[in-house]
1. Can you go through 229, 249, 198 and tell me which one is over 19 Å from residue 173 (Cα atoms) and surrounded by 23 or more Cβ atoms within 10 Å (Cβ to Cβ)?
2. Can you pull out every residue in region 495-511 that is surrounded by fewer than 18 Cβ atoms within 10 Å (Cβ to Cβ) and β-branched (Val, Ile, Thr)?
3. What pairs can you find where one residue is in region 292-314 and under 16 Å from residue 271 (Cβ atoms), the other is assigned to a loop (DSSP other than H, G, I, E, B) and of a type in the set (Asp, Glu), and their Cβ atoms are less than 9 Å apart, with a gap of 6+ or different chains?
4. Just a yes or no: is a residue in region 502-511 more than 14 Å from the chain's Cα centre (by Cα) and within 28 Å of residue 431 (Cβ to Cβ)?
5. So, in region 72-101, of the ones that are modelled with pLDDT under 95 and charged (D, E, K, R), which residue ends up surrounded by the fewest Cβ atoms within 10 Å (Cβ to Cβ)?
6. Just checking: which of the strands (runs of 3 or more DSSP E) contained wholly in region 102-189 hold 3 or more residues that are under 29 Å from residue 523 (Cβ atoms) and at pLDDT 95 or above?
7. Looking only at residues in region 548-581 that are over 23 Å from residue 477 (Cα atoms) and of a type in the set (S, T, N, Q), which one is surrounded by the fewest Cβ atoms within 10 Å (Cβ to Cβ)?
Amino acid sequence: MAANQPHHDGSALYVGSSTPKLGERCTLRLRVPQDWGTASRVWVRSVQDAEPRYDEATVVGSDGGWTWWEASMLHVNPVALYRFVIEVAGDEGGGASYWHLNNAGLHNRDTSDYNDFRITTAVAAPEWSREAVMYQVFPDRFARSAQADGRPTPDWAVACTWDTPVQGRGPDVARQFYGGDLDGVTEKLDELLALGADIVYLTPFFPGRSNHRYDASTFMEVDPLLGGDEALIRLVDAAHARGMKVMGDLTANHTGDAHEWFTRAQADPSSVEGGYFYFNEDHSDYESWWGVKSLPKLNWASPALREAFVTGEDSVVAHWLKPPFNLDGWRIDVGNMTGRLGAQDINKEVAALIQARILDINPDALLLGEETSDAGADVDGFGWQGAMTYSNFTRPLWQWLGSPDARVDFFGTPLPGPNKVSADVVLATHRDLSSAFSWPVRNATMNALNTHDTARAASVMIPGGPVVAAAMSMLLPGIPVIFAGDEFGLEGDVGEAARTPIPWDEPGRVVTDLRGAYSALTTLRHESPAVSEGGMRWLMADGDVLAFVRESPEESLLLIATRADSRVEIALLGLDARSNESLKAAPAFSVGGFAVYATELELQGPGVQVWRLPGINVPA
């Protein structure tokens, strides 16, 4: 790809307001590199009440080899779609050419509106999430406090010691019980703080009959095996005292079959709870998540369910956000399936209902929805403010950095592992599956190398690959995710096998100690205005090399990732003279050897280099 192409990304560098009011005009800017071609005219094409409108742009200045254009569009609809149309005059009487720039890239043809840039009136994710680093905790396997030793093993469980091997398959997958608890998490907060984590995301803490607890028997108490309600209060208080946030995990799609609502519904079809679920006509069967009968599906057409779960004064959603618990937000499990069954689709209605209730209690809370595949159509900011998704980041990074010998669960596909792709395919996939996100949604969407539901990156990728992927997760727009144990290089070929007890005091179980690398990356992320406020521009996607730059007036960050030894011509990066000069300085972060010559970079791979560059000058 050519590094120097017309550019716009929806960030504050290019958009006057990311959340303008209806009826207001919104200022939009475009940068056109002077060595790409001379634009003779530029228009903003917006879609207003489903009809295209064109507003012509004017030149507002030039700097560093770029010409800046500016126009404004009328913000008519809650979701405003727009793109840039660029005219380049023909040579010696030839006809002009016309280019369309949308959120998926530059095209020499007309394109679908679906890939247009978006500005919406949705409430953006809280400011604290913009430079945050999320650390995911699977409570049963994270840490045990001394109090855990006095708790009996439940009747559904198989007792395990902390060094018992995790079974990734078989009848005991959900029954292995290691006894981690919330006070154990509290005791390790300083370690997480040193790592640079500032959001602690807990998978479910409700009672259940499994180690994962997605089969809740009630939503109104913390599992006593985790220390009960008081342990959650202690954890949140201790996290807040350190400036950290705590998010919970809520199954809005289903309950467990031992849930108090479901047992009442089964016993009495005429009960209020009978309408919370989907029973057949004679009440002998019911809908469940993917046919798993221990997870009966909730029917969001029920007004009573909506009150109990969301709108009521002490509803499930509200209860844990209020004192004394004070959670800072929710991740909604299988958010993509919530409110959907066959011909019924009230997903967005339910998501908007949950968001409104959360923000009514705490306007500074964060709401994320799990959307395992293409999240663009669902995650518009009016419900889930960001997505837990794998399609735009995790999957293509696995395909690029994957080991040819890896035999892992590749997100439920029939493939034996990730198929190998080149860097240009990674970029095309990433752009395509991020194109429907507004800039605020993109910044609030999770960039995960892996989670509790996937194989571990260390089992998927070539040696050194996880650090390369981690650096990209930290510096791309979005919320980087560290799943507990990533910092120790833990392995697993399927999600259940990846839920490994953390080797806090067992150096023999540490596969690769990456704590230093993670700490350096999180520090860079937290300290750079290019991450919290800057734009983002891809420079190269060529075989074994991916490069992008985060840009702000204060500074820019250049990241070059390689999966194999490579040589990169500096001119192909399209940097200005000041930035090229900055390559002579030591990188702000470096893994893998490199050398800088007059006209090219020699890079060892897998590796990643991050250089600080001068900020960009934005015309007044």
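The values are calculated or read from the model by the stated rules, or taken from the named source; none is laboratory data. Note that the coordinates shown come from a computational prediction; the quantities given were computed from them, not determined experimentally. Reconstructed Cβ throughout: ideal geometry from the backbone, glycine too, with neighbour counts over all protein chains shown.
1. Values: 229 fails: surrounded by 23 or more Cβ atoms within 10 Å (Cβ to Cβ); 198 fails: surrounded by 23 or more Cβ atoms within 10 Å (Cβ to Cβ).
Answer to the selection: 249.
2. 510, 511
3. Close Cβ pairs (under 9 Å, with a partner that is assigned to a loop (DSSP other than H, G, I, E, B) and of a type in the set (Asp, Glu)) amount to 296/257; 296/287; 299/287.
4. Here is the first cut: in region 502-511, the ones more than 14 Å from the chain's Cα centre (by Cα) are 502-511.
Within this subset, residues satisfying the condition of being within 28 Å of residue 431 (Cβ to Cβ) are none.
Checked region 502-511: no residue is more than 14 Å from the chain's Cα centre (by Cα) and within 28 Å of residue 431 (Cβ to Cβ).
5. Ranking the candidates gives 92 first.
6. Values: elements: 105-107, 117-120, 134-137.
Those strands (runs of 3 or more DSSP E) span 134-137.
7. In this case the residue turns out to be 580.
Conditions (1) over 30 Å from residue 129 (Cβ atoms); (2) out of contact with any strand residue (DSSP E or B) (no Cβ under 9 Å at 6 or more places or on another chain), marked per residue:
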| site | (1), (2) |
| --- | --- |
| 506 | yes, yes |
| 516 | no, yes |
| 521 | no, no |
| 546 | no, no |
| 571 | yes, no |
| 587 | no, no |
| 592 | yes, no |
